[in-house]
Ligand SMILES: [Zn+2]
């Protein structure tokens with residue numbers, strides 16, 4: 001196989017226009033599987049959550065999980081889809097060791113939800129990603145290849161199969177071709193996956209954890225020469241399992257395909273694997289066409305015919321969706337677009353909102369979470385929400401700042417103590433002796449000493465140069481190891497030096 005050098009990204013974009021398509025699989029968080037009563041918990045001992053139905057034993061009959069259909073209809077509604085009045089399951093026939101029935105129950109030409117859209121934002125511009133379909137299917141089991149270096153089948157000594165995942169309700173969300181994104185294509189792909197994850201999470205129907213595989217993206221990329229009318233051949237990078245990898249896989253596929261095309265080669269329609277370490281994709285298998293699967297209507301299940309009343313009942317249960325929520329907090333917290341982006345990108349929306357609910361003002365809540373606490377989360381390599389501090393505790397610290405009991409510097413020490421497991425804010429303040437010195441008697445003695453030590457500066461202030469008082473305030477702060485109330489100290493200094 002000849003190796004073609006990938007083309008530099010900017011050069012590739014100057015010559016070619018990328019067209020994307022994204023298929024996302026989301027495992028629903030139902031208590032039981034799609035067509036049987038088996039439990040669905042993640043991480044159980046292999047092959048302990050199985051039964052004749054999900055093992056495909058002869059004579060076993062599937063029964064549709066009502067809660068799963070609720071879940072997919074909610075996703076369809078949140079994605080602005082039409083929920084069809086009648087549809088069927090279909091058998092997708094193929095052999096794979098992790099699929100004991102030798103067919104997957106899916107939907108083919110009669111999906112449950114159709115023609116939706118999801119708007120995503122990249123660098124202040126809105127892209128409308130059209131949704132072709134949202135359909136219901138079941139997950140496969142999992143193969144574990146043992147003995148190879150990479151965990152892939154290549155080089156493995158033997159393989160094990162775990163059927164716990166077989167039959168877990170799986171929703172597949174398929175976009176229409178995403179065009180006219182130009183050099184923003186990788187960012188649009190990432191923004192779409194991000195927004196979709198937020199949307200599904202807000203519905204409470206899945207935990208959408210990409211690292212655990214409960215959300216997985218297959219990313220289709222093709223290139224067409226700029227100005228051409230016909231789309232190029234696409235590749236499908238399978239099971240991309242992080243948002244960052246979605247972006248990187250698109251970029252790498254654009255560079256690779258541009259290299260192949262400009263060298264006079266052709267793109268093979270195939271699946272590809274993305275490698276986190278190199279940031280590139282390698283060839284998987286040649287892509288099957290729909291006819292290879294010999295789809296036919298599933299004979300063991302009745303059609304689905306969700307009544308309009310049922311659909312409307314579900315619509316009424318939809319929560320505030322992420323886009324609407326962002327618009328609301330932007331107005332309520334008086335944020336610029338850039339400030340809102342910072343909050344969202346930091347994953348701080350929930351934390352800030354809960355801190356405000358606990359009594360802090362919006363500006364302070366945002367300041368603590370985006371600065372001090374974000375910095376510490378980065379240091380510890382955890383998500384903001386996983387820091388061992390609650391929004392109530394952040395609000396309590398801010399309340400002490402407002403009451404003049406803490407200044408910002410001391411507040412940061414309180415956060416440090418709480419994060420180090422020294423207890424709640426009040427415990428840390430007491431244990432570390434972190435109260436602001438605002439008692440006038442105690443301050444006055446310190447100020448007298450500072451004035452005596454800095455006579456030339458004090459003379460300047462006496463002569464009317466009040467700006468010079470800053471140096472004296474600094475000296476007071478130093479003498480109290482930052483625990484003085486700086487505003488009060490300044491007032492007292494000016495009173496002492498300028499009052500006739
Ligand atoms: Zn089962």
Would you please name the residue that is nearest to the ligand (Cβ to nearest atom), looking only at residues in the stretch 54-69 that are out of contact with any strand residue (DSSP E or B) (no Cβ under 9 Å at 6 or more places or on another chain) and within 26 Å of residue 314 (Cβ to Cβ)? 63
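Please determine, by comparing only the residues of the stretch 36-48 that are within 30 Å of the chain's Cα centre (by Cα) and more than 7 Å from the ligand (Cβ to nearest atom), which one is nearest to residue 97 (Cα to Cα). Spell out how you get there, then give the answer.
As a first pass, look at the stretch 36-48 and keep what is within 30 Å of the chain's Cα centre (by Cα): 38-46.
Filter again for more than 7 Å from the ligand (Cβ to nearest atom), leaving 39-46.
Values: 39: 21, 40: 20, 41: 22, 42: 20, 43: 20, 44: 20, 45: 19, 46: 15 Å.
Restricting to residues being within 30 Å of the chain's Cα centre (by Cα) and more than 7 Å from the ligand (Cβ to nearest atom), the top hit is 46.
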Pull up the stretch 408-434, narrow it to residues that are part of a loop (DSSP other than H, G, I, E, B) and within 34 Å of the chain's Cα centre (by Cα), then point me to the one that is surrounded by the most Cβ atoms within 10 Å (Cβ to Cβ). 424
Given the options 77, 13, name the one that is buried (at least 17 other Cβ atoms within 10 Å of the Cβ), more than 15 Å from the ligand (Cβ to nearest atom), in contact (Cβ under 8 Å) with a residue 12 or more places away in the chain and more than 15 Å from residue 136 (Cβ to Cβ). 13
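Could we say that residue 341 is in the same structural domain as residue 396 (by TED's automatic domain parsing) and more than 27 Å from residue 409 (Cβ to Cβ) here? Outline the logic, then answer.
Working: in the same structural domain as residue 396 (by TED's automatic domain parsing): yes; more than 27 Å from residue 409 (Cβ to Cβ): yes.
So residue 341 passes the test.
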Among the residues of the stretch 442-456, is any assigned to a loop (DSSP other than H, G, I, E, B) and either out of contact with any helix residue (DSSP H, G or I) (no Cβ under 9 Å at 6 or more places or on another chain) or touching a residue at least 40 places away in the same chain (Cβ under 8 Å) (or both)? no
Filtering the stretch 231-259 down to residues that are within 18 Å of the chain's Cα centre (by Cα), under 14 Å from residue 281 (Cα atoms) and not in a helix (DSSP H, G or I) yields 239, 240, 241
Pair list, Cβ under 6 Å, 6 or more apart: the stretch 36-63 residue assigned by TED's automatic domain parsing to the domain that holds residue 210 and within 22 Å of residue 215 (Cβ to Cβ), other residue more than 9 Å from the ligand (Cβ to nearest atom) and assigned to a loop (DSSP other than H, G, I, E, B): 40/168; 44/164; 49/164
In this structure, is residue 97 at pLDDT below 95 and either within 16 Å of the ligand (Cβ to nearest atom) or under 30 Å from residue 256 (Cα atoms) (or both)? no
Consider residue 3 carefully, then state whether it is part of a loop (DSSP other than H, G, I, E, B) and at pLDDT below 95. yes
Out of (1) surrounded by 14 or more Cβ atoms within 10 Å (Cβ to Cβ); (2) more than 21 Å from residue 304 (Cα to Cα); (3) modelled with pLDDT under 95, what's the single condition that is false for residue 129? (3)
Residue hits (the stretch 261-287; more than 30 Å from the chain's Cα centre (by Cα) and free of Cβ contacts under 8 Å to residues at least 12 places away in the same chain) are 264
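A quick yes/no check of all residues on (1) within 18 Å of the chain's Cα centre (by Cα); (2) outside the structural domain of residue 118 (by TED's automatic domain parsing):
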residue: 289; (1), (2): no, no
residue: 305; (1), (2): no, no
residue: 310; (1), (2): no, no
residue: 335; (1), (2): no, yes
residue: 345; (1), (2): yes, yes
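The values are calculated or read from the model by the stated rules, or taken from the named source; none is laboratory data. None of the values given here were measured: they were computed from a predicted structure. All Cβ positions, glycine included, derive from the backbone under ideal geometry; neighbour counts span all protein chains shown.
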